[in-house]
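Trainee: Here you go, one structure.
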Amino acid sequence: MLFNSIDFLIFLPITFLLYWFVFQKKLWSQNLFILLSSYVFYAWWDWRFLALIIASSVVDYWCGLKLAVSTKKSAVASANRLLPTACVKHFQGKSLYLTLSLIFNLGLLGFFKYFNFFIDSTADMLLILGFQPNYGTLSIILPVGISFYTFQTLSYTIDIFKGKIKPTRNILAFFSYVAFFPQLVAGPIERAGSLLTQFLRKRQFSYENGSAGMQLILWGFFKKIVIADNCALVVNPIFENYQTASGVELIMGTVLFAIQIYGDFSGYSDIAIGVAKLFGFELMSNFKTPYFSRNIAEFWRRWHISLSTWFRDYLYFPLGGTKGTKLNAVRNIFIVFIISGLWHGANWTFVIWGVLHAALYALIFLFRKNRNLNKTSNHISIKEAPQILLTFILVCFAWIFFRAESLFEAWAYVVGMILNPFLPANFSWISYELRIILLLFLLAEWVGRAHTTWLERLEGKWYRFPAYFGTLGFILFAGVFSESQTFIYFQF
Amino acid sequence: MIKFISRIFLFSVFPIASLFGVFLLENGTADPFYQRFVTPKQEALILGNSKAAQGIIPSIINDRLADIYPANLYNYSFTVYNSPFGPAYLESIKMKLADYDGKRCFIITVDPWSISSDINDPNNPEKFEENKLFLSGIKNVSSKPNLEYFFLWFDNPFYEIILMRMINQVSKLHSDGWYETSGNMNENAVKSRRLFMIDLYTDFLKKYSYSAERFKYLQKTIDFLQTRGKVFLVRMPLHQNLLTIEQNLDPDFGLRMGFLSQKFGVQYFDFNNSEMNWEFKDGLHMTVESAKNLSKILSNKILLSEN
C-alpha cells in the first residue's frame, strides 16, 4: 500500500481508531493489532511475499534466543573458570546462530535482488574473455522493502551477538517490530534497542505526540506530492530524451532529480515517522536538510541517516574504520560505499554512484576535513553558501549515475552536459508555478533546518493554523495525484 | 483523543470541501477526457480516436438526424493510445452505453492504427498498451465529480482546473463529447505541426503492425452495438502524406473494411475518397470548419442510407 494512495487514506483512520478505541487496553492486543495491520498493509501489494517477512521474523527470533543461551553459557563457563576450550565451544555456538541469521537474511536479499545481476555480470565478463556463455536468468519479482526489513532484523541478531541488547521472548512484540507498517517498506531502518523496546511497553495516546505526527505527515505529503512528483514530470522526459536535450536542460534535469529524490524519500520518512507517532511510537530521524551540508562527510550524516549509521556500525567499524593505516581507512570507505551503492540496486550505475561518493569522502578524510565541522550544529550560516553549493553540485553529479538506467546512458548524459551547453534550452518545462513552489520549499527548508520541520518552529504561535491550511492547500491543489507516482525507494 | 480527532476533522473539512468545489468547476478546459466520465450514460455513441474526437460534432449530427434517430449521439472517442479497439475500450463502451428502446445509431470510426499493436507481440491482449491507461482503469464512467479520474488519472495539479477555466481559449471538451481545439493556423505553424506528425507516425511504422486480435475486437464492438442500433463505419480524412503512412501500415485495410461491411451489413464511408478539400491543423486533426462540414456531410450520408 502506498502512503499516497486512496487505500492508505482509508486504512490509516480505520487502524488509528481501532487501535486507540478497541485494542488499547492490553499491550498484547495493541501489538497484535499492529502486527495484523502491518500484514494487511504489506499484503495489499502482494500477499505471497508475507511469507518472507514471517520467515525472516521466525529465523531471527529463534536465532536471537539461541544466541542468548550461548552467551549465558559462555558467561557461566568464564565465571566457573572452565577450560578455554569450553568457552571456545560456546563462542562457536554463538557464531553459528549469528552465521545462520546472516546467511538467511543475506541469502534472501542475494536471491531476490542480486541473482540475475550476478548471472548477467558473469556472462558479460565471460563474453569479454572470449567465451560464449549459454545461460538463463530467472523471472524474479523484487519483494518490496526486502532491503529494509532484512537489515533491521540483521541488526537485532548482531546486537545480541555483541551483547548490546538482550533478546526478547515476546514473540508478538518481535514480529510487530519486524513488520511495523509505517517503516516496513522504506525505513527508517530501526534498531531493536530503540524500536523493539517500545513494543514491550503499553502505548498511551498524547495530544502533543499526535499533533507532532500530523505535522510530519502533512509536511511529508507536501514533499512527496507537491515537490517530488511535480519535479518528476520534468525530470522523466529529460532523462528519457537525454540524447536530444541541450546541456542546460540536462543540468536542469539533474538538479530537479536531486530535489525530486530528496522530496520523495525524506517525504516518505516524514510520513512514516508521523504515522508511527500517531500510534505512540518514536522512529529515528532519517534526514536533516542534507542539501545544506558543507561537505560530503556532513552530507552522509544528514542523508538517509538510518542506513548510513547502519553501515557505519555493522560494516565500517567492524572493518576497522579509520584505525590502522590511511590506506586501510580509504579501503574501508570504498568498501562501505560500494556495498551501499549495491544495496540500492543490482546495477553497475549504483556501484559507480557509490564509488563517486567514496572518492569524495576519502578526499575529505585524507585532508582531515571530516571532523572540522560541528557535527551537531544545524546553525549553518549563509556565509557557508559556497561550500554548500559545491557539495550540492558534487552530489548532483553523482545522482546522474543513480538515476540513469545504464552506465552507457549515464556516460552519454554527462557527455551531453559538457558537449551541448549552447543548444537552445526549453525552460518552459519548468512552469512558473513550479519555480515559485520550489523557491518556497527552499525557504521552508532553510527556516526549518534546525528543527524536524519548519512547521515545528511555529509551535504555539497563532499563525501555525494558516500555515497548516496553506500546506494542505498546496498538497490538494498543486500536488500530483496520478496513480503512477510511486515512491522511488520502494524499488530498493 | 476527542480533542485531537475533532481538530483533525475541523481542519480537514474546509480544504476538502474547497477541493470538491474546484472539481465541480472543471468544464472541459483543463482536461481533454474528464468530461466524458462525468456525463450520464449515453444512448448513442461515436467511437474512435482523436481524429473522431475532434472531427465529428455530435450536436450537428443530432440536429439533422433527430427525426430518424431520436437518441442523441455522444462522442466517446479518445486517442490512438487510449482507445484502439480492444478489451479495454469495449468494456468502457459497455459501461457508458445506456439502455434505450427507441431507434438509434452508432458511428465507429476506423483506421489502420486502431487495429494495430506492438510489432513484437501484436496479438496478445494482455500486452495491449491501453491496459495501463485510464480506459482500462476507470470503473465508473458517469459520476460527477469523478474522483476516480481526478485522483488516479488527472496528470496536472488541481489548481489548473481554475487556471485553465480562466485562460484556456484554445481547447475545450464540449458537453456532447466533441473536443474542440483551435490555435495558430498560420501556414508555417500548420506545416511545422504536420511535419512533426509525419515524423511521429513514420516512427510508429517501426513499432506497430496489424493486429488480428484488435480486428476481432472491432468486430466484437460492431456486433455488440448492432444488436442495439444501426452501425456506420467511417474512415476520417487525413493529409495525403499521413494517408500514405497508414497505407504502408496496413495495405489491406480497405479490403478488411469491405469484409466487415459485408459480414455485418453495415455501411462504410471513407472520407479519403471524397472530393472535398479538407483542412487540417496538423495533417491529422481537422480544423473546426472542416469538422463542421464533415459532420454535415456524414449526417447527409446517414440520412441517404435510410432512404
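The values are calculated or read from the model by the stated rules, or taken from the named source; none is laboratory data. Keep in mind that what you see is a predicted model, and the values were worked out from it rather than measured. Note that each Cβ is placed from the backbone with ideal geometry, even for glycine, and that neighbours are counted across all protein chains shown. Protein only, heavy atoms only, side chains kept; ligands, DNA and RNA dropped before computing areas. Shrake-Rupley method; radii C 1.70, N 1.55, O 1.52, S 1.80 Å.
Trainee: Restricting attention to region B:111-135, which residues are of a type outside the set (S, T, N, Q), free of Cβ contacts under 8 Å to residues at least 12 places away in the same chain and farther than 13 Å from residue B:213 by Cβ?
Mentor: B:132
Trainee: Does region B:263-301 hold any residues that are within 25 Å of residue B:183 (Cα to Cα) and among the β-branched types (Val, Ile, Thr), and which are they?
Mentor: B:287, B:288, B:297
Trainee: Among what's in region B:140-178 and is closer than 20 Å to residue B:55 by Cβ and open to solvent by 30 Å² or more (accessible area, probe 1.4 Å), pick the residue that is modelled with the lowest pLDDT.
Mentor: In this case the residue turns out to be B:170.
Trainee: Tally the residues that are over 16 Å from the mean Cα position of the chain (by Cα), assigned to a loop (DSSP other than H, G, I, E, B) and crowded, with 21+ Cβ neighbours inside 10 Å, restricting the search to region A:281-301.
Mentor: Residues that pass the stated criteria total 3.
Trainee: Now for a different question. What number of residues within region B:99-127 satisfy the criterion of being touching a strand residue (DSSP E or B) at 6+ places or on another chain (Cβ under 6 Å) and not charged (D, E, K, R)?
Mentor: 9
Trainee: Which numbered condition trips up residue B:185, out of (1) assigned to a helix (DSSP H, G or I); (2) over 22 Å from residue B:82 (Cβ atoms)?
Mentor: For residue B:185, the failing item is (1).
For (1) over 16 Å from residue A:441 (Cβ atoms); (2) among the aliphatic types (A, V, I, L, M), each residue gets a yes or a no:
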position: A:222; (1), (2): no, no
position: A:228; (1), (2): no, yes
position: A:260; (1), (2): no, no
position: A:281; (1), (2): yes, no
position: A:290; (1), (2): no, no
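Trainee: Considering only region A:362-386, how many residues are open to solvent by 40 Å² or more (accessible area, probe 1.4 Å) and either at pLDDT 90 or above or part of a loop (DSSP other than H, G, I, E, B) (or both)?
Mentor: Counting residues in region A:362-386 that are open to solvent by 40 Å² or more (accessible area, probe 1.4 Å) and either at pLDDT 90 or above or part of a loop (DSSP other than H, G, I, E, B) (or both) gives 11.
Trainee: Report the residue count in region B:183-193 for those that are under 21 Å from the mean Cα position of the chain (by Cα) and open to solvent by less than 60 Å² (accessible area, probe 1.4 Å).
Mentor: Initial filter on region B:183-193 (under 21 Å from the mean Cα position of the chain (by Cα)): B:183, B:193.
Applying the additional criterion that residues be open to solvent by less than 60 Å² (accessible area, probe 1.4 Å) yields B:183.
Number satisfying all stated conditions: 1.
Trainee: Residue B:60: among the hydrophobic types (A, V, I, L, M, F, W, C), more than 14 Å from chain A (Cβ to nearest Cβ) and more than 28 Å from residue B:152 (Cα to Cα), yes or no?
Mentor: Yes.
Trainee: Next question. Can you name the number of the only condition in (1) open to solvent by 10 Å² or more (accessible area, probe 1.4 Å); (2) in a loop (DSSP other than H, G, I, E, B) that residue A:251 fails?
Mentor: Among (1) open to solvent by 10 Å² or more (accessible area, probe 1.4 Å); (2) in a loop (DSSP other than H, G, I, E, B), the lone unmet condition for residue A:251 is (2).
Trainee: Something else now. Scanning region A:163-215 for residues that are within 14 Å of another protein chain (Cβ to nearest Cβ) and of a type in the set (A, V, I, L, M), which turns out nearest to residue A:261 (Cα to Cα)?
Mentor: Checking each candidate, the answer is A:214.
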